Amino acid sequence: MDEVDLLILGAGPAGMAAAAEAAGAGLVVALLDEQARPGGQIYRDVTAVPPARAAILGPEYRAGRPLAEGLADPRIRHIPGATAWKIDPDRTIAYSVDGKAALIRGRRLLIASGALERPVPIPGWTLPGVMTAGAAQILLKQSGILPRRAVIAGSGPLLYLIAAQMVRAGTPPLALVETQTRGDLLAALPHLPGAIRGWRSMAKGLGWIAELKRAGVPRHRGARDLAVDGAGRAEALALTAGGRRRTIPCETVLLHEGVVPNIQATRLLGLPHRWDQAQRCFVPRHDRWGETPLPGIHVAGDGAGIGGALVAELSGRLVGLCAAAALGRLDPVERDRRAAPLFRTLARERAVRPFLDAAYPPGPQTLSPADGTIVCRCEEVTAGEIRRHARLGCKGPNQAKAFGRAGMGPCQGRFCGLAVTAILAEANGQSPDETGYFRIRPPIKPVTLAEIAAMAPTGPDKDSA
Amino acid sequence: MTHFSARSLLKNALSGHKDWPAQWPESQPKAEYDVVIVGAGGHGLGAAYYLASQHGITNVAVIDKGWLGGGNTGRNTTIIRSNYLYDESARLYDHALDLWDNLSQELNYNVMYSRRGVMMLAHSVHDEQSFQRHIHSNRLNGVDNCWLTPAEAKAFCPPLDITARRRFPVVGAALQRRAGTARHDAVAWGYARGAAARGVDIIQNCPVTAIRRGPDGAVTGVETAKGFIRAKKVAVSAAGSTSVVLQSAGLRMPLESYPLQALVSEPVKPCFPCVVMSNTVHAYISQSDKGELVIGSGTDQYVSYSQRGGLPLIEHTVAAICEVFPMFRRMRMLRKWGGIVDVTPDRSPILGKLPVKGLYVNCGWGTGGFKATPGAGHLLAWTVAKDEPHPINAPFTLERFTTGRLIDEAAAAAVAH
């Protein structure tokens, strides 16, 4: 088994920054990532993107290039195309590259597996032609592809960015449908001082909105009861706004209700999590250095709580410094000296977050879908069935597995987990913390029997070798 | 209790299956019961059902720290068989098999018992000799078991690779045709429904924290998260937690708790007609009704309460499965999990009275408790009701570990099964 000083899962801003900081202090680092090139989702393919596409994606995207280039440090081993499928509290990760499984262990481990888009269970969301807005952005970043007749719907600042990028690419969305209401904006007002402190982020957002206005993209606000219509594929998005039901014909529906931490890895490790009511999601518990209650295991980036790319990068650097000090490569006084400006910038970058969280809550359908809507796509379990489980005495998601198999498919609840917890919590009059979350089992991504077999010392491949 | 019949199914189908009533109520504990059973798995619920249905004792509570059927009942590989070597074991497991035969009809609840046959592969001369001995012994005890040549084994289970070049060559197999599988949750639900309909209280999410004894040493009741519950008879049927619960009554049990692992693959169309086991590599495999391959592995080498288990065991099991069934190599594993099994020194259960008045135990089933569910429930109910063991479970005492009258299935099978 390979062993390194700092093992990092995820080559997004947090993982790349932690790697650079730790390598700079003399640590041997391994960086596992599922994609072929570094960058994570936010800076996806930033090292390989052609200039024309980089212009469409904007300066926030191009800012990731120096980070990705920093991985050239000889102390950093970047292992691309690696699917991590088992992570143990002894800081060992089992992963597969090109159908070959291997083990690697870190004296310190950083889980920087980032965020995933909050699934948006509305009627018709399983039809072909419906995808998340982030998926459309991935197609743009990696392949330069965009859907032509698309409606973009949901809530959150990222919605504006993706719509603005579509405008720049010459294929503006047919409409921008927002579930955000005036009430949400009013509720965010008390957080205005923070927003003013984070004026840079606010200015960016207002710039995207202005771009959309100039391009003449119709905007529907306070939308309710979203549904995708169509026979066999998406043909229109129906919604109620301003007291009127309307239907927007389209070929593609891009849904987005914000991003949430991807907690598959931290749940697999059995780390304690808490429900963050402001962000409506679970976050792993950690201290200001990103260290979790399990010794030597850190979290950083959006996987530790949504903060965006800059916050992720800063929190990654802090983990790099902490790991270097813990392994005796950096004097604690020096660590604190280098960390002080990072903590200051971090506080400034986080200041805008409470305003954004309050102003862009997930729409009411997201965490309390209508009875007929499918919540668990893998096993085709509807919200109504989960509510029926609760009426029969089901208190939590793991018991719901026995009742109706929600969360037992290949995604292990990545899609339905938050909705199942929220529905059960609402139905039982419990908090999400009391309701709990799916127990995540290895492998977190499916792995073939042959790959596991080849790892065994007595395995068939070893014998024939 | 709703009676399930073709008529009631048809009637509810017309209304979209929305009007089925709850099959058991959510009970709160009373101050006192005649019998308290600790552990609402298949065994504990089965005991409550038989206490009510066969012995007329209905003032019974089954208490569980989680939800019913949420322990090992809900996390095993659902294999049912009775081809054990020793007379005592053969009688015990065959008693259970007899009850499985009519369980769906008796409970009016489909437990999906499928007699698809369990085939145990022999990979060496030693295996063959041991299996032949098992077969003869089983037949003398009236338990069905027969020997198959490699060609016959392949005919029974076509995915099997019997070519001799294999690391684990198949030199033959022992087949028990009456053996098979059942749906694990349905067994717990069926017994819970039957017991609740007869007046048994099933109290979930209520950990038992201690067993209390009076000045004369006899059991007086149990302390729980919902308060003290009086009972003159307490039966503990708590699998891996048995030793902890009984410690509070001043008893030290000869049990060790190990994680036992299993895994499932992605679902595929029906392709695997039976259950296949290999004791040599300690692997077992079957296909669920959903289409997933269910693969069982061995217990860890060390005691633990962690419900995860080590990767090397899974590697070893899966390597053997890929050898014997090459067509499964490219199937994807979706999930692996562990259950905590309580193992005795001779790998046979302890089922009977304890040296404390009013205290009974059903534990030590190791990795094979599911197959015994109806038998264990039936015999535990008998023992509690009559305050003496049934002839079938009479040899399975706690005292055998001091008298030396062991029922050494561990030595008989050369594996922890």
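The values are calculated or read from the model by the stated rules, or taken from the named source; none is laboratory data. Note that the structure is a prediction, hence the values are computed from the model and not measured. We place every Cβ from the backbone using ideal geometry, glycine too, and count neighbours over all the protein chains shown. Ligands, DNA and RNA are excluded from the accessible area calculation, which covers all protein heavy atoms including side chains. Shrake-Rupley method; radii C 1.70, N 1.55, O 1.52, S 1.80 Å.
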*Pull up all non-local amide H partners of residue B:236: gap of 5 or more, or a different chain, and H-to-H distance under 5 Å with H placed in the peptide plane.*
B:38, B:360, B:361, B:362
*asked:* Less than 17 Å apart at the alpha-carbon level, and either on another chain or at least 8 residues along: which aspartates and glutamates does that give for residue A:100?
replied: A:2, A:33, A:34, A:451, A:461, A:463, B:315
*Can you pull the Kirkwood radius for region A:368-430, inverse mean 1/r over Cα pairs, to one decimal in Å?*
11.0 Å
_Give the A-B buried accessible area in Å², both sides summed, 1.4 Å probe, nearest 100._
3100 Å²
*FRET efficiency for residue A:139 and residue B:161, Cβ-Cβ distance as r, R0 = 51 Å, nearest 0.05?*
0.70
*Relative contact order of region A:368-430, pairs being alpha-carbon contacts under 8 Å that are 6 or more residues apart, as %*: 37 percent
*Find, among the trypsin sites (Lys or Arg not before Pro) in region B:14-93, those assigned to loop by DSSP (not H, G, I, E, B) with at most 10 other beta-carbon atoms within 10 angstrom.*
B:18
*Which residues of region A:400-425 bury at least 30 Å² of accessible area once all protein chains are present, versus their chain alone (1.4 Å probe)?*
A:402, A:405, A:408
*Per Stokes-Einstein, at 10 °C and 1.306 mPa s, what whole-number D in µm² s⁻¹ belongs to chain A, with the Kirkwood radius over Cα pairs as the hydrodynamic radius?*
69 µm²/s
*Give the accessible area for residue A:360 in Å² (nearest 10); use a 1.4 Å probe, count only protein heavy atoms, and leave out ligands, DNA and RNA.*
50 Å²
*With heavy atoms of protein chains only and a 1.4 Å probe, what residues of region B:305-341 have at least 50 Å² less accessible area in the full set of chains than alone?*
B:308, B:311, B:315, B:319, B:329, B:332, B:333, B:334, B:335, B:336
*For the pair residue A:127 and residue A:36, how long in nm is the line joining their label points, each one 7 Å along Cα→Cβ?*
3.3 nm
*Please give the per residue accessible area of chain B, computed with a probe of 1.4 Å over protein heavy atoms only, in Å².*
39 Å²
_Euclidean distance of C-alpha centroids, region B:375-410 and region A:210-254, integer Å_ = 69 Å
*asked:* I'd like the FRET efficiency for residue B:154 and residue B:19, computed as 1/(1 + (r/R0)^6) with the beta carbon distance as r and R0 of 60 Å, rounded to 0.05.
replied: 0.75
*Run the accessible area of the protein assembly as shown with a 1.4 Å probe and give the carbon-and-sulfur part as a rounded percent.*
54 percent
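Got the relative contact order for chain A handy, in percent, Cα pairs under 8 Å and 6 or more residues apart?
Value for chain A: 19 percent.
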*For chain B, what relative contact order do you get, as a whole percent, if you take Cα pairs closer than 8 Å and at least 6 residues apart?*
22 percent
*Accessible area of region A:309-368 divided out per residue, in Å², using a probe of 1.4 angstrom*: 41 Å²
*Above-threshold pairs, the threshold being 19 Å between Cα atoms, out of A:395/B:11; B:65/B:226; B:30/B:357; B:30/B:232; B:30/B:226*: A:395/B:11; B:30/B:357
_I'd like to compare A:96-107, B:281-292: which one has the highest average count of other Cβ atoms within 10 Å, and what's the full order after that?_
B:281-292, A:96-107
*Rounded to a whole number of µm²/s, how large is the Stokes-Einstein D of region A:119-257 at 4 °C and 1.567 mPa s, given Rh as the Kirkwood radius over C-alpha pairs?*
84 µm²/s
_Farthest toward positive dipole pole in the protein assembly as shown [+1 Lys/Arg, -1 Asp/Glu at C-beta], among A:446, B:164, B:54_ = A:446
*asked:* Counting C-alpha atoms alone, how compact is region A:247-327: give Rg to one decimal and Dmax as a whole number, in angstrom.
replied: 16.0, 60
_Intensity falloff of chain B expressed as log10 I(q)/I(0), Debye formula with alpha-carbon point scatterers, at q = 0.12 Å⁻¹_ = -0.96
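Taking only protein heavy atoms into account and a 1.4 Å probe, give the accessible area per residue of region A:30-163 in Å².
Values: 5000 Å² over 134 residues.
Result: 37 Å² of accessible area for each residue.
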*If a/c stays under 1.5 just call it rounded; otherwise compare a/b with b/c (prolate if a/b is bigger, oblate if not). Do that for region A:1-142, with a ≥ b ≥ c from the square roots of the Cα gyration tensor eigenvalues.*
oblate
_Average partner coverage of B:262-268, which counts Cβ from other chains inside 10 Å_ = 2
_List of region B:64-106 residues, accessible area with partners at least 30 Å² below that of the chain alone (1.4 Å probe)_ = B:67
*asked:* Could you identify which residue out of B:230, B:183, B:252 has the top mean-square fluctuation in a GNM of chain B using Cα springs shorter than 10 Å?
replied: B:252
*For region B:311-417, run through the trypsin sites (Lys or Arg not before Pro) and keep only the ones in DSSP coil with at most 15 other Cβ atoms within 10 Å of their Cβ.*
B:330, B:357, B:405
